[in-house]
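The values are calculated or read from the model by the stated rules, or taken from the named source; none is laboratory data. Source: prediction; values computed, not measured. No Cβ is skipped: glycine too gets one built from the backbone with ideal geometry, and neighbour counts run over all protein chains shown. Only protein heavy atoms, including side chains, enter the accessible area calculation; ligands, DNA and RNA are left aside. Shrake-Rupley method; radii C 1.70, N 1.55, O 1.52, S 1.80 Å.
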Amino acid sequence: LAYEVLERGQGSKSLTENDTIVVRYLILDSEGRNIFSQDEETSEELESTCQVTDFLPSISRALVGMTLGERRKIYVHPRLAYGELSQLPPNTLLIVDISLLEIKSSVSDPKMMRRGKREQHEIILKRG
């Protein structure tokens, strides 16, 4: 797992795993194809209100610490994503280009945030 900061954010609040956020993101394979699009020419970004933990655990770890307005490119090795167990081509490297648009709230009770392992490993994020 690696990431680079493409645009620095502003503000003093950094994301935690308990936050509800609004993000704009694009998820690509190593060839630069949008994995959510049937049209290889489309690079449509998705926007979603979600919890930090709605992502794969590896992506969630890379989001923690982001500040409002920050944009990151996250590189997720196949074994930290789906490996061979996916509808994607086996052992696909994921590249997530994500911008933090809003931090809505924090959940104070982490038990309320827990999700089943199967649900966490469904396709990366629910479409908002």
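For this structure, a couple of remarks:
- Some residue of the stretch 23-36 being in a strand (DSSP E or B), open to solvent by less than 10 Å² (accessible area, probe 1.4 Å), among the β-branched types (V, I, T) and under 17 Å from K104 (Cβ atoms): yes
- Residues of the stretch 1-22 that turn out to be in a loop (DSSP other than H, G, I, E, B) and within 14 Å of the chain's Cα centre (by Cα), as a count: 4
- All told, K111 meets the bar of being modelled with pLDDT under 85 and assigned to a helix (DSSP H, G or I).
- Test set (1) in a loop (DSSP other than H, G, I, E, B); (2) modelled with pLDDT of 80 or more - E41 fails condition number: (2)
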